[in-house]
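First up is the structure itself, then whatever we jot down about it.
The values are calculated or read from the model by the stated rules, or taken from the named source; none is laboratory data. On a predicted model such as this, the values are computed, not experimentally measured, just so you know. Cβ sites come from the backbone with ideal geometry, for glycine too, and all protein chains shown count toward neighbours.
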């Protein structure tokens, strides 16, 4: 793959990431002011942190990607969909970590 083809691939993947985040954000974020509210709700329900919830979701996609690396063929979702989801969960993890850092700096969770 030459550089031009690679750059186009990156552009397509980034565009799909944004599209998926926008579409799924509407479905999974009832509180439009808090994009991370789904993870907070799940964390509270199962007794773990929002960061750990995101980690579990990440691991699900990482396992599928690991299968491809081992030479297995994915059934159902294609590799590109798994990569897009993985990138998006990494962005959500980064957002959660920044939110936690900001809350710590500000002296606690927002009221």
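Could you figure out which of (1) within 29 Å of residue 9 (Cα to Cα); (2) without any contact (Cβ under 8 Å) to a residue 40 or more places away in the chain isn't true of residue 37?
Of everything listed in (1) within 29 Å of residue 9 (Cα to Cα); (2) without any contact (Cβ under 8 Å) to a residue 40 or more places away in the chain, residue 37 misses just condition (1).
What's the total number of residues in segment 88-108 that are crowded, with 17+ Cβ neighbours inside 10 Å and under 10 Å from the mean Cα position of the chain (by Cα)?
As a first pass, look at segment 88-108 and keep what is crowded, with 17+ Cβ neighbours inside 10 Å: 88-89, 92-93, 96, 99.
Applying the additional criterion that residues be under 10 Å from the mean Cα position of the chain (by Cα) yields 88-89, 92-93.
So the answer is 4.
Return a yes/no flag: does segment 68-78 have any residue that is closer than 18 Å to residue 20 by Cβ, in contact (Cβ under 8 Å) with a residue 12 or more places away in the chain and in contact with a helix residue (DSSP H, G or I) (Cβ under 6 Å, 6 or more places away or on another chain).
The first filter runs over segment 68-78 and keeps only residues closer than 18 Å to residue 20 by Cβ, leaving 74, 76-78.
Cutting the leftovers down to in contact (Cβ under 8 Å) with a residue 12 or more places away in the chain gives us 77.
Narrowing further to those that are in contact with a helix residue (DSSP H, G or I) (Cβ under 6 Å, 6 or more places away or on another chain): none.
Within segment 68-78 (the criterion being closer than 18 Å to residue 20 by Cβ, in contact (Cβ under 8 Å) with a residue 12 or more places away in the chain and in contact with a helix residue (DSSP H, G or I) (Cβ under 6 Å, 6 or more places away or on another chain)), the answer is no, since none of the residues qualifies.
List the number of the failed condition for residue 18; all other conditions in (1) surrounded by 11 or more Cβ atoms within 10 Å (Cβ to Cβ); (2) under 23 Å from residue 101 (Cα atoms); (3) modelled with pLDDT of 95 or more hold.
(2) is the only condition that residue 18 fails.
Would you be able to say whether some residue in segment 23-43 is under 15 Å from the mean Cα position of the chain (by Cα) and within 17 Å of residue 82 (Cβ to Cβ)?
Yes, that holds for at least one residue.
Quick check on segment 74-84. Is at least one of its residues at pLDDT 90 or above, more than 19 Å from residue 13 (Cα to Cα) and surrounded by 15 or more Cβ atoms within 10 Å (Cβ to Cβ)?
No, every residue in segment 74-84 fails to be at pLDDT 90 or above, more than 19 Å from residue 13 (Cα to Cα) and surrounded by 15 or more Cβ atoms within 10 Å (Cβ to Cβ).
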